[in-house]
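The values are calculated or read from the model by the stated rules, or taken from the named source; none is laboratory data. Everything quoted here is computed from the prediction, not taken from an experiment. Every residue, glycine as well, gets a Cβ built from its backbone with ideal geometry; the counts of neighbours run over all protein chains shown. For accessibility, only protein heavy atoms count, side chains too; no ligands or nucleic acids. Shrake-Rupley method; radii C 1.70, N 1.55, O 1.52, S 1.80 Å.
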Amino acid sequence: MENLKKDLKEMLVRDLKLQDVNPDEIGDEDPLFEEGLGLDSLDAVELVVLINKHYDIQIQDMEEGRVAFASINALADYITQRREG
């Protein structure tokens, strides 16, 4: 799970082109949107595409995305559950 979290942090910084953000500085419980990393709705759309591309997992609707994108921990749990299911 720790490797997955590390990969997710690196993917966020690299693929969403987050300037002045070091993946190691992203806390596992930090919110990804608003006061946390400051991601916005456009980033959410891109994140849905990235999760599909890298992990072959579809996020079906906005409510599901809201839960999955709460934090790195939430996203890692979401991916892990879908892989096991």
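A few notes on this one:
- For ASN22, the shell of other residues with beta-carbons less than 13 Å away shows a net charge of -2, using +1 for Lys and Arg and -1 for Asp and Glu.
- Close amide H partners of LEU39, meaning residues 5 or more places away or on another chain with modelled amide H under 5 Å apart, are PHE33, GLU34.
- Its Cα centre serving as origin, the chain has a Cβ charge dipole (Lys and Arg +1, Asp and Glu -1) of approximately 360 debye.
- Neighbourhood net charge (15 Å Cβ-Cβ; Lys/Arg +1, Asp/Glu -1) for LEU42: -4
- Taking amide H as placed 1.01 Å from N in the peptide plane, LEU18 has no amide H partner under 5 Å among residues 5 or more places away or on another chain.
- 5 angstrom amide H check on ASP30, placed H, neighbours 5+ away: ILE72
- Heavy-atom accessible area, probed at 1.4 angstrom with all protein chains present, ranks GLU35, GLU10 as GLU35, GLU10, highest first.
- When you restrict to C-alpha pairs under 8 Å that are six or more residues apart and normalise by the size of the chain, the relative contact order lands at 31 percent.
- Surface exposure of the chain, expressed per residue as accessible area with a 1.4 Å probe, stands at 64 Å².
- Within the accessible area of the range 40-85 (1.4 Å probe), percent carbon and sulfur: 51 percent
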